[in-house]
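The values are calculated or read from the model by the stated rules, or taken from the named source; none is laboratory data. Bear in mind that the values here come from a model prediction, so they are computed numbers and not experimental data. Glycine gets a Cβ as well: all are built from the backbone with ideal geometry, and neighbour counts include every protein chain shown.
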């Protein structure tokens, strides 16, 4: 499609990702030439929906947008949900909801463009690269505004999107929000020891001690991926996930069936790091393998040992990323404690269409101050980096 022509596109709403189909979805979500993102993949979203993890009963009613050419070919898609709450999003708007409802408005339902329960950055307005990409993205952005009106929703929220799409939506009237996570970048390290040599001496010693102490109780670590992801392994991990999720959120978001489905369809894109003691698994960390990034997602344990969480979630992830030549590790939301382990601040982006002009003005003012705070906090936290500084090298020698 030539963007300079007057060719029109049609936008429809699908009540399930299965209505769109794997081939059409993947052509837009994970086309060649773009690093693979497991969370916007058809198989991941389908597993969420068919397992009952994300659906109308859990307050995540699929409203996926589909852009088609005049001949019916799918040109773009967008993972979108009609929400009756704000749980499982990791970009927090409960304060907005409370203020609006105290003023007499109805904040719910709202539209959420995201991957349920997954605070990982990825494209949200999905179009295959090419001359039509900007046209398709614009059509999806406009369709979100129109769908907000049709569903009588208060707002549409596009979360954990790339900066370029964030800027485009900002030009189209969406409010812009920032936050931060902590990511580890691979500088071409040969192994974990090579990474350690880049740290200040004191920090290096701390990491070595934590890794040693994590395994002191006779614990060994195994990596499970591909055919090693048996149902028995998933049973063990689900018990860990339930134990930790129940303490954090009251109940786990993901069903047991979800893990079987992704294990069946995405086994080569999954890394399960499991800790074993006395012949049985006692803790685990679930990761998804992208084209250039390892994404840490869930962790749990039925036995608690000092530093085991750090070992499974952070240090083993670094080991795997180095072994696979991956560019980055994204270890999930929040956690300033990650800085000391080599995970540095990285800005995340969200864009918000607010239908009510009064609410929009109030939120816009709030976000202006919040963006400044996030930027200032990132600068300050970066000064806490464990990496050696050139002007301190002469004072930073192992004794």
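Just a few scattered comments:
- Residue within region 322-333 that is within 19 Å of the chain's Cα centre (by Cα), closer than 30 Å to residue 98 by Cα and modelled with pLDDT under 95 present: yes
- One residue from 304, 309 being surrounded by fewer than 22 Cβ atoms within 10 Å (Cβ to Cβ), at pLDDT below 95 and either outside the structural domain of residue 90 (by TED's automatic domain parsing) or over 19 Å from residue 338 (Cα atoms) (or both): 304
- Residue check for residue 177: at pLDDT 95 or above, more than 23 Å from residue 26 (Cβ to Cβ) and in a strand (DSSP E or B): yes
- Candidates 362, 351: the one that is assigned to a helix (DSSP H, G or I) and touching a residue at least 24 places away in the same chain (Cβ under 8 Å) is 362.
- Hits in region 187-221 - residues which are surrounded by 14 or more Cβ atoms within 10 Å (Cβ to Cβ) and not in a helix (DSSP H, G or I): 189, 198, 199, 200, 215, 217, 219, 221
- Boolean, residue 132 is in contact with a strand residue (DSSP E or B) (Cβ under 7 Å, 6 or more places away or on another chain) and at pLDDT below 95: yes
- With respect to the conditions (1) under 20 Å from residue 227 (Cα atoms); (2) out of contact with any strand residue (DSSP E or B) (no Cβ under 8 Å at 6 or more places or on another chain); (3) not in a helix (DSSP H, G or I), residue 264 falls short on a single one, namely (3).
- Just one of the listed residues (111, 65, 75) is closer than 23 Å to residue 254 by Cα, in a strand (DSSP E or B) and modelled with pLDDT of 95 or more, and it is 111.
- Remark: pairs (first residue in region 91-105, in contact (Cβ under 8 Å) with a residue 12 or more places away in the chain and at positive phi; second residue crowded, with 19+ Cβ neighbours inside 10 Å and outside any loop (DSSP other than H, G, I, E, B); Cβ separation under 7 Å; 6+ apart in sequence or on different chains) are absent.
- Close pairs (6 angstrom Cβ cut-off, 6 or more residues apart or separate chains): modelled with pLDDT of 95 or more in region 217-229, assigned to a loop (DSSP other than H, G, I, E, B) anywhere: 217/305
- When we screen 295, 237, 288 for residues that are part of a helix (DSSP H, G or I), buried (at least 16 other Cβ atoms within 10 Å of the Cβ) and on the phi < 0 side of the Ramachandran plot, the only hit is 237.
- For residue 91, the requirement of being more than 15 Å from residue 172 (Cβ to Cβ), in the same structural domain as residue 55 (by TED's automatic domain parsing) and in contact with a helix residue (DSSP H, G or I) (Cβ under 6 Å, 6 or more places away or on another chain) is not met.
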